[in-house]
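Below is one structure, written out as structure tokens; the observations come after it.
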Amino acid sequence: MSGESIKNDYLRLKEAPLDNLIGIVQSDNPQDYSLKHVALIELRRFPETDTVNLIRSFLDRHADNSLFKILCIKALSKRSNLKATAILCRLVDDPEWPVREEAARALGVIGDKRACTALLKKLQDINTEVRRASSHALAMIPIDAEDDIRTLINYLVDDDPAIRSSVSAALNESATRIFALRDLIVRELECLAQKICTDERKMAYLLHAIGKHRSLITALSSIDLGPNRESRLLELLAAS
């Protein structure tokens with residue numbers, strides 16, 4: 001399909017009424033697939049209309065087409081409701097990693113904390129882009145469950161700097177927003193530091209991650225760095 005054709009389809013449908021868009025998405029004519037692309041995107045213009053069931057049926061009918069699934073995910077990212085979150089949580093386990101990545105990003109856009117469990121599991125995904133998208137999404141979601149906080153803290157020493165950065169941002173947001181969580185986070189940081197105190201690389205990761213955020217910085221005073229604490233701290237931060 002040419003770029004000019006896509007542009008013409010977009011111009012034709014960008015102001016189309018909802019019924020027209022639904023008709024295009026539901027059409028069984030394979031030659032309408034290019035229009036389905038645009039129609040699915042344009043469904044985002046109707047955030048107050050419950051088109052989630054329509055998108056779900058389209059996903060079911062095209063379960064083997066990653067491109068269509070990604071387009072559906074983009075449409076779902078504008079639906080801040082339980083049904084959209086549930087569908088996206090299922091799609092983060094899709095066999096194709098681009099679908100999993102896009103679903104994780106959409107969950108971050110929606111910001112529903114009910115997605116935390118699914119996203120935390122995806123921090124162990126075999127694909128780096130999925131892991132990064134999941135960590136970034138978690139930084140956009142209000143995390144207030146203590147078990148989720150405990151799980152998340154372990155990724156402050158992940159080998160991927162993008163994941164460490166997103167996780168530290170997520171924890172900082174939780175510590176800033178809920179005072180009770182700040183005490184829990186500091187305690188968990190202390191426990192993590194004790195576990196990795198002999199691992200120079202991971203200690204550097206940890207100190208660098210928490211040193212970026214004011215609400216977490218108090219944990220530094222509780223971490224045992226052995227003799228010559230101040231010079232040791234400076235060394236670790238410089239090495240990170």
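The values are calculated or read from the model by the stated rules, or taken from the named source; none is laboratory data. Remember, it's a predicted structure, so these values are computed and weren't measured experimentally. Positions of Cβ are generated from backbone atoms using ideal geometry, with glycine treated the same way; all protein chains shown enter the neighbour counts.
What to note about this one:
- Candidate set from region 143-153 (those that are outside any loop (DSSP other than H, G, I, E, B) and in contact with a helix residue (DSSP H, G or I) (Cβ under 7 Å, 6 or more places away or on another chain)); member that is surrounded by the fewest Cβ atoms within 10 Å (Cβ to Cβ): 146
- Taking the numbered list (1) buried (at least 19 other Cβ atoms within 10 Å of the Cβ); (2) at pLDDT 85 or above; (3) of a type in the set (Ser, Thr, Tyr) in turn, residue 51 passes all entries but (2).
- Of the residues making up region 98-127, those that are under 11 Å from residue 80 (Cα atoms) and of a type in the set (Val, Ile, Thr) number 2.
- Selection within region 17-48: residues that are under 28 Å from residue 82 (Cβ atoms) and assigned to a loop (DSSP other than H, G, I, E, B). The member of this set that is modelled with the lowest pLDDT is 48.
- Enumeration of residues in region 159-174 that are surrounded by fewer than 19 Cβ atoms within 10 Å (Cβ to Cβ) and either of a type in the set (D, E, K, R) or part of a loop (DSSP other than H, G, I, E, B) (or both): 159, 160
- Tabulated pairs, region 186-212, first over 8 Å from residue 157 (Cβ atoms) and assigned to a helix (DSSP H, G or I), second of a type in the set (Val, Ile, Thr) and at pLDDT below 80, C-beta under 8 angstrom, 6+ apart or interchain: 186/218; 189/210; 189/223; 190/223; 193/223; 207/223; 210/217; 211/217
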